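Below: one structure, written as C-alpha cells.
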Amino acid sequence: MLIVIDDPKRENQGDVIFPAQTVSAEKVNFLMQNCRGQICVPLTLSKAAKLNIPLMVSSHMITESTKLQFTISIDAKSVKSFGVSARDKADTIKLLVQKYAKPGDFVRPGHVFPIIEADGGLYKRQGHTEATLALCRLADFSPVGVLCEVLDEMGEP
C-alpha cells in the first residue's frame, strides 16, 4: 500500500492505493477502519466495457470539478452476504481483476465503486485514479487498482 498525495491546488488530499491483484479482506478492512473514505476501484475503459460496467452518468453530463468518471456500483454475484462486508468487497475486487470475469458475474448496483481512468492516463488527468493505474503498470500488475481517501476522525480530508 502507498499513500499518494496530489497537488495542493487540486484536491489536496491523500489516498491509500494498491494493485487490486493484492487485495484481501484484511486490506479492505484496514481501509474501512483507518482511511474512512470511499473505497474505489480504478480500471481502464476497455475493462469496464468488457464487463459492461457503464458510467454512472454519461460523460457529457459529468459536472464534478475533477471530471471523475464513476461507473455504476457493483458486487460479485457470488458474495456470501449483502456486499457491504470487507470480505464481500475484497471478493468483488478480486473478480474484477480476473481475465475470465464476464458481465453476468456481477450484480448492479452494489457496494464496490469502479472509476474509469481518463483516456491518456496521467497525461490527460492528474488524479488518484490515473496515478493508481500508472503505478500498477510500473510495478507489472494488471491495470486495476484500489484506492481510498484518507479522512481524519471527524471524517474530513
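Selection within segment 69-85: residues that are farther than 20 Å from Glu26 by Cα and not hydrophobic (A, V, I, L, M, F, W, C). The member of this set that is surrounded by the most Cβ atoms within 10 Å (Cβ to Cβ) is Gln69. Being free of Cβ contacts under 8 Å to residues at least 24 places away in the same chain and within 17 Å of Gly110 (Cβ to Cβ) is the filter here, so list the residues in segment 31-59 that pass it. Passing the criteria: Pro54, Met56. If you go through segment 129-148 and pick out every residue that is of a type in the set (Ser, Thr, Tyr) and assigned to a loop (DSSP other than H, G, I, E, B), you end up with 1. Tally up the residues in segment 101-157 that are more than 17 Å from the chain's Cα centre (by Cα) and among the aliphatic types (A, V, I, L, M), please. Counting residues in segment 101-157 that are more than 17 Å from the chain's Cα centre (by Cα) and among the aliphatic types (A, V, I, L, M) gives 3. Checked against the criteria, Asp88 does not count as within 17 Å of the chain's Cα centre (by Cα), among the acidic types (Asp, Glu) and open to solvent by 50 Å² or more (accessible area, probe 1.4 Å). For segment 95-132, filtered to residues that are basic (Lys, Arg) and touching an Asp or Glu at 6+ places or on another chain (Cβ under 9 Å), the residue that is nearest to Lys67 (Cα to Cα) is Arg125. Within segment 7-42, the residues that satisfy the criterion of being open to solvent by less than 20 Å² (accessible area, probe 1.4 Å), of a type outside the set (Gly, Ala, Ser) and outside any helix (DSSP H, G or I) are Asp15, Val16, Ile17, Phe18, Val23, Ile39, Cys40, Val41, Pro42.
The values are calculated or read from the model by the stated rules, or taken from the named source; none is laboratory data. Bear in mind the structure is a predicted one, so any value in this text is a computation, not a measurement. Glycine also receives a Cβ, built like all others from the backbone with ideal geometry; neighbour counts cover every protein chain displayed. These area figures cover heavy atoms from the full protein model, side chains too; ligands, DNA and RNA do not enter into them. Shrake-Rupley method; radii C 1.70, N 1.55, O 1.52, S 1.80 Å.
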